[in-house]
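The structure appears right after this line, and notes come after that.
A short reminder: the numbers here are calculations on the coordinates, not readings from a lab. Owing to the predicted nature of the structure, the values given are computational and were not obtained by experimental measurement. Don't worry about glycine lacking a Cβ; one is built from the backbone with ideal geometry, like all the others, and counts go over all protein chains shown.
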Amino acid sequence: MSLAVNPIAAVLYAGSSDGLVNFWEMEKHFMSYGRVLRGHKLAVLCMAVDGNMVLNGSADKRFACGGGKRSVHIYVSVLIGHSRPVKCLAVEKNHEEEAENWGQNWIVYSGSLDKSVKVWRIL
């Protein structure tokens, strides 16, 4: 199982061994279940959050990225590029591109048991 928190939107994400990501949102003084995100066939091993973007890596050698606001979350993409399970993710907003009016986008770093680290740009 893996966990990630979006402190700005007060959302808790939990990835599980069945490949699903469930999320809960803060409602006044309690957590309210949002729904489930589907994008993997095997266990979710790692997660990262930046703003409204949530990423999760899996034993199925892929990582998924998506986002949303207040119970409306969607997967934007499932990226394939590793030959072994994805074990770690890091994400940051690409501020250089924002300055050039490309809009909001992210740089993602994925690490895998295939002994590689890949760098991705998510628009």
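Potential lengthening of the chain between ASN105 and VAL78 amounts to 8.1 nm, from the contour at 0.36 nm per residue minus the alpha-carbon distance. Per-residue Karplus couplings for the stretch 32-39, computed as 6.51 cos²θ - 1.76 cosθ + 1.60 with θ equal to phi - 60°, are listed in order as 10, 5, x, 4, 10, 9, 10, x Hz, Gly and Pro entered as x. So if a site counts as exposed when it's one of the trypsin sites (Lys or Arg not before Pro), its DSSP state isn't H, G, I, E or B, and it has at most 11 other Cβ atoms within 10 Å, what's the longest stretch of the chain without one? Counting at most 11 other Cβ atoms within 10 Å as exposed, the longest clean stretch of the chain is 71-114.
Expressed in nm to one decimal, what extension gain is obtained for the pair VAL36 and LYS93 from 0.36 nm per residue of sequence separation less their Cα-Cα distance?
Details: separation 57, 0.36 × 57 = 20.52 nm, distance 2.50 nm.
Here the answer is 18.0 nm.
Normalising the average separation of contacting C-alpha pairs (under 8 angstrom, six or more residues apart) by the number of residues puts the relative contact order of the chain at 17 percent. May I ask you to list the lysines whose Cα is less than 29 Å away from that of LYS61, ignoring any residue fewer than eight positions away on the same chain? Once the sequence-local lysines are set aside, what remains near LYS61 is LYS41, LYS69, LYS87, LYS93, LYS115, LYS118.
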